[in-house]
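Take a look at the structure below.
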Amino acid sequence: MKKNILIHLLVAGFLLGGCTAFEKKQQAGAAVELNGQYIYYSTLDSLTLGLDSVDSARVCEQYIRQWAEDLLVYEEGEKRLSNTDREAINKMVVDYKQTLLAQAYERILMDRRMEKKFADSAVVAVYEQMPDRFTLDESLMKGIIVVVPNDAPKLDKLRKQLAEVSLDAIEKYAYQNASGYELFVDKWLTTTQIISRIPMERTELENKLRYSNHIEYADSAKTYILQITDKHMRGEAMPIDYARPQIEKILMNARQVEFMHNERERMYKEAIENDKIKLYKR
């Protein structure tokens, strides 16, 4: 730490023209001063945490130089911009602040007062009205994955249990013999998610998926067994439960627009009724 602090001092002194910058500083904990603005040792230490002395010096020099250049350009602009330019900038600042405050308040209003849930009928309506929006770009499936050693016993019995979806029997077998077991009969997995669990090629999985609900893949040590209980192929319509998050996002966007339109209208009417808005003749 002492070594890093020394490097910080040397870098800052070099940039600001010598050690006098440090002799004059009065702000506690400050490492660099430029026209009453400071960089503190705590900032430099956080930037160089874990770095060696060479990298610390480089990082500090880059940070200090960028900070100083930005500040110098800003101060020159303060001195040399015309009043017209200043007025234009001040207006932009006011407008931007007004926009930020309004957006922040809108978010608060929507979070506190807007209904977030959607009726099933609303979800179904969007699903039926926009079929092209909900087409699968990769296949989906529900089912069971069992991974066993190639010499695992009673594999034929396991295959029969998988075909019958005998969950208790499958789980018992997996507990005794499997090196991997995943039950996902109540959630959708994509082709990408499946091949992250079973090391087979995507095209091979897609081809087998079209013709069978039972897929096996073996390598030199393990056999991966996928039993599918439900599936939807790439290019088909999404099942509505899978599409629901997308549909709710569409509904939420529309609800937000309507909610804020009504809120703005309410505020405007109240301002008129309370004589906050005054209209003057020419």
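Things worth noting here:
- Around the amide H of residue 138, modelled in the peptide plane, lie the amide H atoms of 235, all under 5 Å away and 5 or more residues distant in sequence or on another chain.
- These residues, 34, 183, go from largest to smallest accessible area, 1.4 Å probe, as 183, 34.
- Relative contact order of the stretch 115-253, pairs being alpha-carbon contacts under 8 Å that are 6 or more residues apart, as %: 41 percent
- Per residue value of the accessible surface for the stretch 96-240 (all protein chains in place, 1.4 Å probe), Å²: 61 Å²
- Charge-dipole axis of the chain as Lys and Arg at +1 and Asp and Glu at -1 on Cβ define it, positive-most pick from 101, 215, 42: 101
- Among 43, 203, 84, the residue with the largest mean-square fluctuation in a Gaussian network model of the chain, with springs joining Cα atoms closer than 10 Å, is 43.
- Per-residue surface analysis assigns residue 196 an accessible area of about 90 Å², computed on protein heavy atoms at 1.4 Å probe radius.
- In this Cβ point-charge picture (+1 for Lys and Arg, -1 for Asp and Glu), the stretch 145-203 has a dipole of about 80 debye about its Cα centre.
- Rounded to the nearest 20, the Cβ-based charge dipole of the chain about its Cα centre (Lys and Arg +1, Asp and Glu -1) stands at 600 debye.
- Shape of the chain, Cα gyration tensor, a/c cut at 1.5: oblate
- Ranked by the mean number of other Cβ atoms within 10 Å of their residues, highest first, the peptides 149-155, 171-177 come out as 171-177, 149-155.
- Among 194, 144, 39: highest mean-square fluctuation, GNM of the chain, C-alpha pairs under 10 Å: 39
- Put a dot 7 Å past the Cα of residue 257, heading toward its Cβ, do the same for residue 100, and the two dots end up 2.8 nm apart.
- Cross-link pairs 97/249; 142/208; 117/269; 172/231; 157/231 - those with Cα-Cα distance over 19 Å: 97/249; 117/269; 172/231; 157/231
The values are calculated or read from the model by the stated rules, or taken from the named source; none is laboratory data. This is a predicted model, so every value here is computed, not measured. Don't worry about glycine lacking a Cβ; one is built from the backbone with ideal geometry, like all the others, and counts go over all protein chains shown. Side chains included, ligands, DNA and RNA excluded: accessible areas come from the protein's heavy atoms. Shrake-Rupley method; radii C 1.70, N 1.55, O 1.52, S 1.80 Å.
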